[in-house]
There are 2 protein chains.
Amino acid sequence: MNETMKTLLNRRSTRAYKPEQIKEAELSNILEGGKFAPSAINEQPWHFTVVQNKQLLNKINEACKAELIKSGHQVLADQAKKEDFSVFYNSPTLIIVSGNEKTITPQIDCALALGNMFLAAESIGIGSCWIHAIAGVLNSEDGAELRKELNIPQGHMVYCSGSFGYKAMEPEAPERKENTVSIIR
Amino acid sequence: MNETMKTLLNRRSTRAYKPEQIKEAELSNILEGGKFAPSAINEQPWHFTVVQNKQLLNKINEACKAELIKSGHQVLADQAKKEDFSVFYNSPTLIIVSGNEKTITPQIDCALALGNMFLAAESIGIGSCWIHAIAGVLNSEDGAELRKELNIPQGHMVYCSGSFGYKAMEPEAPERKENTVSIIR
């Protein structure tokens, strides 16, 4: 099996991180992977907002917790009420991917860019996880101020975000579902 | 630069293919990459429909051409009217990715699976391209019969598709846009 296949098969969602920050060169490597994702008619509609500032990370977490508590979803609300709950698993780096809303397929392009960043990270031993809650919060009215503070580009919607950091766990791949392929020859 | 990074940076959209079919083992490799994509709460909501049958590939192409001509978009319509026009660049293999509509983020999960398949293909020297038009046709009323013939699972929407085959061109990466990153430390 070649190295790329190993990366594709070994990359799992990391939900526990060491507190040390990743190195500059490692971050560059991850971002470079993201920039080379394919995009519809090569629009590259994305912007990557990297947050490593602890105060700001904390603010993002608090905003997400508030939304989860407001959501009325009991399980999520109970989780969010816990003092030490972190929506991005206390990762030292968060990458928020926003895209120009006026392009053809910004949601898909941004997802592929984040997917590439996950693989670039895995290839150098760095863990990552897709963080679902943040996009919703930043696109909401409640998140307007935070969005401003993050300097998300005008005309952009936040499509996805991911946590990055050294792994404090080595997750195994859950079983793959069966019968997900049919071949017509 | 490690092998995975090379794959991420070198993988480009291939828009011309050799007519020979890819090998069984190569197809398995590609599908395996797709199956290991991340998905929201591990739902793996995807189904991969591989089409290598020439008659069926032709039918899909004709259906797409008809839709493009109907679209009223002059440039696309003119292109579709050409006898030798192929919406998937005459690739010998087409992979259609459908997803269970009742899952959390089927569109994103399916996009990531197709992105993984592109990278798995590139890692063994096989070209690929995202084919935009097919999903729309297969989800439309006009595409209902074809969808049935393809045996797309019940309750699934077609989210994306990609062409795969040996490259008859070696595309270079277009320039990456500048100022797509901001870092808050």
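A few comments on the model shown:
- Convex hull volume per residue, computed on the Cα atoms of the protein assembly as shown, equals 146 Å³.
- GNM result for chain B, Cα springs below 10 Å: residue of B:A63, B:A135, B:A168 fluctuating most strongly: B:A168
- A DSSP coil position with no more than 11 other Cβ atoms inside 10 Å describes the following GluC sites (Glu not before Pro) in region A:48-126: A:E83.
- The amide H of B:T105, built 1.01 Å from its N in the peptide plane, has B:A40 as neighbours under 5 Å, considering only residues 5 or more places off or on other chains.
- Summary of packing: across the peptides A:8-15, A:112-119, B:138-145, the per-residue average of other C-beta atoms within 10 Å ranks them, highest first, as A:112-119, A:8-15, B:138-145.
- Position A:I41, label points 7 Å along Cα→Cβ, spacing to each other copy in nm (shortest first, one decimal): 3.8
- Cα shape, region B:19-166, gyration tensor, a/c 1.5 rule: oblate
- Within-15-Å neighbourhood charge of B:L114 [Cβ basis; K, R +1; D, E -1]: -2
- Normalised by the number of residues in chain B, the mean separation of alpha-carbon contacts (under 8 Å, six or more apart) gives a relative contact order of 35 percent.
- Cα gyration tensor, region A:65-151 - rounded (a/c under 1.5), prolate or oblate: oblate
- Considering only B:L9, B:L76, B:I108, the residue lying farthest towards the positive end of the dipole of the protein assembly as shown is B:L9, judged by Cα position with unit charges set on Cβ.
- The count of lysine pairs in region A:35-96 with alpha-carbon distances below 18 Å, taking only pairs 8 or more places apart or on different chains, stands at 8.
- Sorted from shortest to longest, the distances between the A:D142 label points of this copy and the other copies are 4.4 nm, with each point 7 Å from Cα along the line through the beta carbon.
- Applying the criteria of a DSSP loop state and at most 11 other Cβ atoms within 10 Å to the trypsin sites (Lys or Arg not before Pro) of region B:42-136 yields B:K82, B:K102.
- Of all accessible heavy-atom area on region B:19-166, the percent that carbon and sulfur account for (1.4 Å): 51
- Local electrostatic count, A:S71, Cβ distance below 14 Å [Lys/Arg +1, Asp/Glu -1]: 0
- The GNM of chain B, with springs linking C-alpha atoms under 10 angstrom apart, assigns the highest mean-square fluctuation among B:I22, B:I30, B:I96 to B:I22.
- Projecting 7 Å from Cα along the Cα-to-Cβ direction, the label point of A:K82 sits 5.9 nm from its equivalents in the other copies, listed shortest first.
- Residue-level result for chain A: its Cβ closest to the axis carrying A onto B, with that distance in Å, is A:E3, 2.
- Once you reduce region B:124-185 and region A:104-172 to the center of their Cα atoms, the two points are 22 Å from each other.
- Other protein chain C-beta atoms within 10 Å of residue C-beta, averaged over A:24-37: 3.
- Between region A:28-59 and region B:14-35, the alpha-carbon center distance in angstrom: 29
The values are calculated or read from the model by the stated rules, or taken from the named source; none is laboratory data. Predicted model only: the values in this text are computed from it and were never measured. As a convention, Cβ positions derive from the backbone with ideal geometry for all residues, glycine included, and neighbour counts pool all protein chains shown. These accessible areas exclude ligands, DNA and RNA; they are computed on the full protein's heavy atoms, side chains included. Shrake-Rupley method; radii C 1.70, N 1.55, O 1.52, S 1.80 Å.
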